[in-house]
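What follows is a set of notes on a single structure, which appears directly below.
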Amino acid sequence: MRIIRIALFVFISFAANDMHAQFSGASKTMDSTLSDTSSMRIASITLIGNKLTKDHIIYRELTFRIGDSIPMKDLEAVFRRSEENLLNTSLFNSARITRLQNGNEIDVYIIFTERWYIFPLPIFEIAERNFNVWWKSKDFSRVVYGGVLTWNNFRGRKEEIGATIRLGYTQRISFFYKIPFINKKQRSGLNFGFAYARNHQTGFATINDELSNYKNEEKYARAETGASISYTHRADLYETHLLEGAFRYAEVLDTVVHLNNDYFAEGKTNTKYFSLRYVFKSDHRDIVNYPLKGNYFDVELSKVGLPFLNDKVNIYSITSRYKKYWTLPYGFYFSSGITAKVSGNEFQPYYNTKALGYSTEYLRGYEYYVIDGQGFGLLKTNLKYKLLGERVVRADFIPLSKFNVIPFAFYLNLYGDAGYVKDKQFSKFNSLVNTWLYSGGAGLDFVTYYDLVFRFEFSVNKLGESGFFLHFTAPI
């Protein structure tokens with residue numbers, strides 16, 4: 001009898017047009033005779049479509065277990081949260097939970113479309129802090145090319161392994177291996193990384209709030225070697241601890257130090273040091289790559305340089321982020337995020353001094369600037385409107401099922417940013433430090449599968465400058 005029920009369910013599920021919709025919610029129950037105050041017991045959980053991913057990796061993300069009793073009124077929210085957890089693993093293009101009901105018991109079925117996990121890809125990149133900086137100069141000598149092999153969900157256990165070879169402007173060899181779970185309780189993990197890089201050109205100072213570069217066509221201006229190992233502990237579904245130990249060695253040509261005697265500590269042409277880092281994360285966002293509701297918090301304690309090992313660098317810092325997302329009526333969403341960093345009073349070499357203008361820590365409208373200092377505060381706000389959301393198209397001309405079902409959404413947004421960078425070492429060369437900065441603008445966001453985000457924005461900053469900018473991550 002159970003085989004017949006499963007066969008009937010599979011037929012119904014795969015016939016549904018919205019089966020692979022990434023944004024779809026949990027399906028309605030097939031028997032609505034019970035009241036919302038009734039509790040439903042989870043009798044079984046059946047996984048369908050996880051050809052590679054191990055079952056225990058999936059069960060780790062669920063907010064319910066076999067034998068749990070869940071109030072009828074809470075079923076939709078419980079299943080939806082589990083769907084979001086599964087999608088946030090970046091293992092699946094779609095994950096849909098539905099059920100068959102028999103009295104006060106339900107059989108749960110989870111249907112997956114797994115992603116493509118092995119990516120041997122060529123590299124063609126721009127060696128700049130962001131695309132907009134390169135577009136300003138269109139300097140093709142700053143092109144990086146090579147190849148990368150990334151294997152996600154290695155062995156079906158959510159492990160990641162990768163190797164990279166980059167040539168051109170930046171020459172880099174790197175390797176990493178991430179093991180999320182090393183114990184039966186699936187709470188502890190290990191990460192390993194190694195990288196070697198060298199450049200003919202390097203930034204030797206920040207002057208007029210822009211990087212000043214030194215280039216040597218014959219010799220490498222800077223070379224770096226780094227290695228790290230970290231231990232992770234995932235206390236529950238949404239809280240994670242990380243403890244990392246790392247080693248870094250870097251050297252530059254004599255000319256770089258002549259141009260900036262504070263590039264490394266004590267005016268040397270090289271530096272080597274060990275570092276320790278602890279990070280706590282609490283992530284309650286719905287979809288990590290483009291959140292619309294929930295909240296996120298982290299705090300990072302960092303110690304660069306260990307004096308008992310004769311390291312010449314001695315820097316400690318605390319960095320923390322808090323982000324909040326609200327769903328508003330009529331298709332509107334609001335989000336806000338604040339980031340703050342403080343560090344000790346010890347002298348910080350230019351090599352170790354970074355604030356705004358790198359990675360995701362920047363003010364919109366100031367993409368062309370680097371605002372370096374020993375501490376900073378950053379506030380970002382966003383008001384979004386769902387212009388076209390939760391749609392799926394099937395590209396039948398693509399033969400692979402892992403690529404031919406394409407979810408997408410468009411959002412219009414208005415935003416405003418404010419920030420402050422504290423610098424007591426190099427402020428005489430820069431005007432954007434030790435003063436409040438602000439900016440605002442409007443944009444269009446395009447969100448699609450494989451965690452891809454494209455943001456087209458028009459921004460105006462405090463200086464009265466304006467322009468169009470392109471980014472590839474969520475704004476907050």
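Since every read-out is calculated from the coordinates, none of them should be taken as a lab result. In this text, all values refer to a predicted model and were calculated from it rather than measured experimentally. Ideal geometry is used to build each Cβ from the backbone, glycine not excepted, and the neighbour counts take in all protein chains shown.
From the Cα trace of the range 234-287, what convex hull volume per residue do you get, rounded to a whole Å³?
Values: hull volume 7.0 nm³, N = 54.
Here the figure is 129 Å³ per residue.
Just tell me which aspartates and glutamates come within less than 15 Å, Cα to Cα, of LYS303; anything on the same chain fewer than 8 places away is out.
Within the straight-line limit of under 15 Å, LYS303 reaches these aspartates and glutamates: GLU244, ASP311, GLU346.
Assuming R0 = 22 Å, can you tell me the calculated FRET efficiency for the pair PHE458 and HIS284, based on Cβ-Cβ distance, to the nearest 0.05?
Details: r = 32 Å, r/R0 = 1.44.
Efficiency, from the Cβ-Cβ distance: 0.10.
How large is the Kirkwood hydrodynamic radius of the range 195-354, in angstrom, based on all distinct alpha carbon pairs? Spell out each step's value before the answer.
Details: mean 1/r = 0.0543 Å⁻¹.
Computed over the range 195-354, the radius equals 18.4 Å.
Computed over the Cα atoms, what is the radius of gyration of the range 313-456 divided by 2.2 N^0.38 Å, N being its residue count? Provide the component values of the computation, followed by the final result.
Numbers: Rg = 19.6 Å, N = 144, 2.2 N^0.38 = 14.5 Å.
The range 313-456 yields a ratio of 1.35.
Between beta-carbons, use under 9 Å as the cut-off and find the net charge around LEU292, counting Lys and Arg +1, Asp and Glu -1. Don't skip to the answer; put the middle values down first.
Values: positive: ARG285, LYS293, LYS384, LYS386; negative: ASP286.
For residues surrounding LEU292, the net value is +3.
With only alpha-carbon atoms in the gyration tensor, what are the semi-axes of the equivalent ellipsoid for the range 436-476, in Å, largest first?
On the way: eigenvalues 114, 20, 8 Å².
Values for the range 436-476, descending: 24, 10, 7 Å.
Nearest-5 percent of antiparallel DSSP beta bridges in the range 383-469?
Working: 36 of 36 bridges.
Given both bridge residues lie in the range 383-469, the antiparallel proportion sits at roughly 100 percent.
Pull up all non-local amide H partners of ASN50: gap of 5 or more, or a different chain, and H-to-H distance under 5 Å with H placed in the peptide plane.
Here PHE112 satisfy the definition.
With 31 Å as the limit, write out which pairs from LYS178/LYS215; LYS219/LYS422; LYS386/LYS422; LYS215/LYS354; LYS268/LYS354; LYS54/LYS324 have Cα-Cα distances beyond it, or answer none.
Violating the 31 Å limit, Cα to Cα: LYS178/LYS215; LYS219/LYS422; LYS386/LYS422; LYS54/LYS324.
Please enumerate, by chain and number, the aspartates and glutamates with C-alpha under 13 Å from the C-alpha of LYS380, excluding those fewer than 8 residues away in the same chain.
The reachable aspartates and glutamates, counting only those whose Cα sits under 13 Å from LYS380, are GLU361, ASP417.
Between LEU259 and TYR231, 0.36 nm times their residue separation minus their Cα-Cα distance comes to what?
Values: separation 28, 0.36 × 28 = 10.08 nm, distance 3.95 nm.
Additional length available on full extension: 6.1 nm.
So what are the ³J(HN,Hα) numbers for the range 460-476, from phi and the Karplus equation (6.51, -1.76, 1.60; θ = phi - 60°), rounded to whole Hz, Gly and Pro as x?
Taking θ as phi minus 60°, the curve returns 10, 10, 4, 7, x, 7, 9, x, 9, 9, 10, 9, 10, 9, 4, x, 9 Hz for the range 460-476.
Kindly write out, for the range 293-303 in residue order, the coupling ³J(HN,Hα) from the Karplus curve 6.51 cos²θ - 1.76 cosθ + 1.60 (θ = phi - 60°), rounded to whole Hz, with x marking Gly and Pro.
Coupling constants for the range 293-303: 8, x, 8, 9, 9, 8, 9, 10, 10, 10, 10 Hz.
Once the other residues with Cβ under 10 Å from the Cβ of SER317 are scored (Lys, Arg +1; Asp, Glu -1), what is the net sum?
+2
Measure off 7 Å from each Cα along the Cα-to-Cβ vector at GLU465 and ARG65, then give the distance between these two points in nanometres to one decimal.
About 5.6 nm separates the two model spin labels.
Given contacts defined as C-alpha pairs under 8 Å and at least six residues apart, what's the relative contact order of the chain, whole-number percent? Intermediate results must be reported in sequence, preceding the final value.
On the way: 1169 pairs, mean separation 45.0, N = 476.
Once divided by the residue count of the chain, the mean separation gives 9 percent.
For the chain, what does the convex hull of the Cα positions come to per residue, in cubic angstrom? Could you put the intermediate results ahead of the total?
Working: hull volume 77.7 nm³, N = 476.
About 163 Å³ per residue, rounded to a whole number.
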